[in-house]
Amino acid sequence: MVARRGRMPGRRRAAASALAVVAGLGCALLVWGEVQAANVARADYPDTDMRLEGPPDGRDVVLVLGFRSRTDGRRNAVQVWRTRIAVRSAPRSHASSAGTLFVFSGGAVRGSVPEADLMARYAVAHLGVAAADVAIERHATSTRENLTLSLPWLSGARTIRIASNTAHARRARRYLRELDPELWRRLRRTRDFMPLELGPLRLALTFYDFVAGRKAARDDADASRDAVR
């Protein structure tokens, strides 16, 4: 019994040390994710001296990118978060404009209700957005389509903001620059990053966006090869 008692404190110390190492690694990974997200949130915007504004009587447009719904067609936490990003990113109204126009883009990728409708309903019912300040694009099934099918609203915008989770929004900004460099110069910062807003979920979304971005790049490469053929 004495020998066993002598060994137990050593085991507890080893277990405590292992737990401390795991906790330290977890904290380091969380900090890394926050730093990465902060850097990504600032990337691929036009420099100050490159910025343009659209028509003086145009509206400030926030393009909200859709996210696939639950299997039962209901909105999910990511859709709610993207909508909240859009609303908190809206600029103050200018005397020469009619205020911010929120363009929700996303088709019925999963379920029968378009993603755009689900997110727009949440914005109006829960975040105080006026129905008159909402436009809905119901056919996009990809990030590129979010942009191309929203061009009727973007082309007349005074300024443009793209609302989504951080890495996805950056990919959309790159697509806009490829699609129309002049419209890209109307981009303004979106508040898609707030420190420690998501906790460990930030890492999961970062991984998801990485995988989605790689898939989109492969699809683009396949489409280019098919076009050459």
Seminar exercise, completed: Highest mean packing first, using Cβ neighbours within 10 angstrom, the peptides 63-70, 141-148 sort as 63-70, 141-148
Problem set entry | Whole-percent carbon and sulfur share, accessible surface of segment 160-205, 1.4 Å | 55 percent
Problem set entry | Per residue solvent-accessible surface (Å²) - segment 55-148, probe of 1.4 Å | 45 Å²
Exercise. With a ≥ b ≥ c the root eigenvalues of the C-alpha gyration tensor of segment 100-216, is it rounded (a/c under 1.5), prolate (a/b larger than b/c) or oblate?
Worked result: rounded
Seminar exercise, completed: Share of accessible surface on carbon and sulfur in segment 44-86, whole %, 1.4 Å probe and ligands ignored, is 46 percent
For this session: Would you kindly state how much longer the chain becomes between R11 and R42 on full extension, computed as 0.36 nm times their sequence separation minus their alpha carbon distance, in nm to one decimal?
Result: 6.4 nm
Exercise. For G107, what is the net charge nearby, where nearby means another residue's Cβ is under 9 Å from its Cβ and Lys, Arg count +1, Asp, Glu -1?
Worked result: -2
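The values are calculated or read from the model by the stated rules, or taken from the named source; none is laboratory data. For clarity, every value in this text was computed on a predicted model and none was experimentally measured. A quick note on method: Cβ atoms are made from the backbone with ideal geometry, for glycine too, and the neighbour counts reach across all protein chains shown. The protein model used for the area step is the full one, side chains on, heavy atoms only, and it has no ligands, DNA or RNA in it. Shrake-Rupley method; radii C 1.70, N 1.55, O 1.52, S 1.80 Å.
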